[in-house]
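Have a look at the structure below, then the notes.
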Amino acid sequence: MPAEVKSRRGQRLDDSSILDITALDGSTTQAACRRSKNHNEEKESAGVAPVDGRTSHHVPYQIDGLSTFQESLRERGISEKGTDLILASWKPGTSKQYRSHFNRWAQFCHQRDINPTTPIVTDVINFLTETFHRGVGYNSINTARGALSLLGIVVDGCRAGNHPLVIRLMRGVFNLRPSMPRYKDTWDVKPVLTKLKQLEPLQSLPLKELTLKLVMLMALTQAARVQTLHLLVLKNTSIKEEAISVWLGDNIKQCCPGFNIQSVKFFPYTKDESLCVCRTLHTYLEKTEHLRDETGKKDGRLLISFIKPHKLVSRDTIARWIKHVLTISGIDSTKYTASSVRSAAASQARSMSVPIHHIMYKAGWSRESTFAKHYNKEIVQEGDPFQDAVLG
């Protein structure tokens with residue numbers, strides 16, 4: 001090992017030994033290190049193998065990557081309020097997506113006496129290599145790479161994920177284990193629309209069928225994520241003849257400082273009233289008004305359970321509703337999930353020659369390449385459309 005690397009590693013260990021940070025249980029890191037040392041001596045006597053020639057200090061259930069990052073920010077002199085603002089830059093879904101990689105990185109560094117915020121490129125390469133040999137795919141390793149950059153780790157003057165050696169490693173990962181799109185094709189919306197047309201008249205529909213129809217129509221006409229449908233609220237809803245605007249209770253995934261969607265606008269469909277999302281939404285609001293408690297009539301979420309006591313529903317419930325509609329429409333819901341609605345709706349619009357800029361605006365995509373790479377799929381049609389055209 002080069003002398004400068006040994007020196008850096010020694011400095012890390014020395015630095016970590018003199019830090020005196022209060023732990024969650026009120027003790028200091030020095031005391032925690034002493035407890036960890038005693039604990040490891042017991043485990044070593046029980047036959048625990050060392051890692052890279054050093055005794056393992058790994059205690060899996062005590063490692064939290066986000067807490068480690070939070071402590072590192074405080075060590076840099078950033079105030080508690082400043083730390084909170086930095087952590088608030090990550091949306092809940094982002095934190096959930098990266099948390100496992102944060103934790104593995106913290107454990108990896110803990111085992112090797114590495115400062116998790118100031119690694120060298122060798123540490124990053126070895127961590128990603130270890131992740132690769134866990135048998136995961138390219139996308140998971142790329143997420144781990146992104147997690148290191150998200151933590152603000154800088155190596156040799158550039159973000160950890162953008163280091164030339166890391167980029168070269170990721171190319172090797174792709175060559176050995178290339179990423180594959182989740183869907184190579186998408187389902188035809190026509191069978192679903194045929195099923196939705198049959199759910200009439202609206203006034204006599206049970207609340208379950210009315211809810212299923214509304215959710216699928218909103219998803220199709222907006223190319224909407226389940227998250228978007230889940231965040232729709234009654235507060236400030238604007239109902240006009242030309243459109244219905246429903247506000248969002250929080251930021252959705254594509255929101256950013258330059259693109260902040262605050263409401264979703266639904267337009268009437270006069271060509272076929274049985275597929276009109278505005279008409280269906282009107283009926284849904286009328287049927288559910290008396291089911292909502294007083295506090296939820298104005299500020300509550302739009303979608304509620306069709307089963308007593310008609311509470312607010314989770315995103316998973318809405319996803320199950322969409323999959324149920326796919327199933328009863330004859331679409332293979334074991335292959336296509338609720339998230340496939342975006343690609344199905346966008347691909348159908350593209351096949352009908354809707355301008356790409358309009359599709360991007362509707363779905364909230366800022367780059368045409370996003371649609372082309374992830375959502376523009378071949379539509380799988382039942383039967384033989386050529387034969388139908390010839391014989392029809």
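All of the numbers you see were taken from the coordinates with simple rules; none came from a lab. Note that this is a predicted model, so its numbers are computed, not measured. Glycine also receives a Cβ, built like all others from the backbone with ideal geometry; neighbour counts cover every protein chain displayed.
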Handout entry: Residue that is surrounded by the fewest Cβ atoms within 10 Å (Cβ to Cβ) [pool: residues in the range 136-151 that are out of contact with any Phe, Trp or Tyr (no Cβ under 8 Å at 6 or more places or on another chain) and within 19 Å of residue 95 (Cβ to Cβ)]
Key = 139
Handout entry: Qualifying residue in the range 120-143 (condition: touching a Lys or Arg at 6+ places or on another chain (Cβ under 7 Å), more than 29 Å from residue 227 (Cβ to Cβ) and β-branched (Val, Ile, Thr))
Key = yes
Handout entry: Inter-residue pairs, beta-carbon under 7 Å, first among the aromatic types (Phe, Trp, Tyr) and in the range 184-205, second outside any strand (DSSP E or B), 6+ apart
Key = 187/331; 187/336; 187/340; 187/344
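Might you let me know whether the range 230-248 holds any residue that is of a type outside the set (Phe, Trp, Tyr) and part of a helix (DSSP H, G or I)?
Of the residues in the range 230-248, the ones of a type outside the set (Phe, Trp, Tyr) are 230-246, 248.
With part of a helix (DSSP H, G or I) added as a condition, the list becomes 230-231.
Yes: one or more hits.
Among the residues that make up the range 196-216, is at least one of them assigned to a helix (DSSP H, G or I) and either in contact with a Gly (Cβ under 6 Å, 6 or more places away or on another chain) or among the acidic types (Asp, Glu) (or both)? Explain how you work it out, then say what you get.
From the range 196-216, those assigned to a helix (DSSP H, G or I) are 196-198, 202-204, 207-216; that's our starting set.
Those still in the list that are either in contact with a Gly (Cβ under 6 Å, 6 or more places away or on another chain) or among the acidic types (Asp, Glu) (or both) too: 209.
The answer is yes; a qualifying residue exists.
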Handout entry: Looking only at the range 308-334, and only at residues there that are free of Cβ contacts under 8 Å to residues at least 60 places away in the same chain and assigned to a loop (DSSP other than H, G, I, E, B), the one that is nearest to residue 227 (Cα to Cα)
Key = 311
